[in-house]
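The structure appears right after this line, and notes come after that.
Nothing in this text is a laboratory measurement; each read-out follows from the coordinates by a stated rule. Not measured: the values here are computed from a predicted model. Please note: Cβ atoms are built from the backbone with ideal geometry, for glycine as well, and neighbour counts cover all protein chains shown.
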Amino acid sequence: MWGTLVASGKGARQCGFITSNSCGRTGPMAGIECSAPPDKNTQVRYIPKERVEANLCPPPADGSDADARGCQYGRVELLVASPSNASEKVWAPLCSVNTTAYRSMANDIAQVACRMYVNLPASKLHGVGGVSGELAPAPYAIPTGPNSKPGQFNPASFAAWATVPAPADPKAHVLDGKRLVQEAVGFKVRRGIWLPGCLVSSKPCESGALFSVTCQFYMT
């Protein structure tokens, strides 16, 4: 019998096990080897509303307060393998799913992405009590054409785009028990053909929109 205990590199190093006297003194022997997966927050970028690019949610022409412009949500980028070179890691904007038809799945993505951002549960050791992800009422539309102006979202600057494809069942949970959005469960689209749970492409989002969420965490 064997098993795996998953813990962050910043997590506790203490664990225990129980033995039974039904085993003889000469064996069998049991052993434990400790290893730590990489911190989850190294695999995600969360761009909060204060730093969302101006051309995604431009301020109102009347100069009213920024919070009134509807730019109250952040966006997410994932660290993925480059579509052109699998040995190279690049940052990919996370594309929006249909948040109306696939609300449950979108909420799952939001929660996992925000947990990645604050590195839960390892960050509980540093006072983070919990986190929640709130979906935007409408995702940010991707601007068309290149834009090299400072502070602007430029689609041409990204070599990869990440999407969690929508399964046939709108209520499917593709991230149950997963540490990373990148680990989303794949599904069969037709006989013998499977679609990855997290699809990486060199082309911008088919949905034409970015996954938009606000991560809110509290301290203990």
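What to note about this one:
- Packing around the peptides 208-217, 81-90, 137-146, 153-162, taken as the average count of other Cβ atoms within 10 Å per residue, puts them in this order, highest first: 208-217, 153-162, 137-146, 81-90.
- Unsatisfied cross-links (Cα-Cα over 29 Å) in the set K40/K149; K124/K203; K89/K171; K40/K171; K149/K178: K40/K149; K124/K203; K89/K171; K149/K178
- Electrostatic dipole magnitude of the stretch 40-219 [Cβ: Lys, Arg +1; Asp, Glu -1; Cα centre; debye, to 20]: 540 debye
- Peptides 116-123, 168-175 ranked from most to least packed by the mean count of surrounding Cβ atoms within 10 Å: 116-123, 168-175.
- Gained length - S87 relative to A159, 0.36 nm times residue gap less alpha-carbon distance: 24.5 nm
- DSSP beta bridges in the stretch 72-220 [antiparallel fraction, %, rounded to 5]: 95 percent
- Length gained when the stretch R51-T100 is fully extended (0.36 nm per residue, less Cα-Cα span): 15.0 nm
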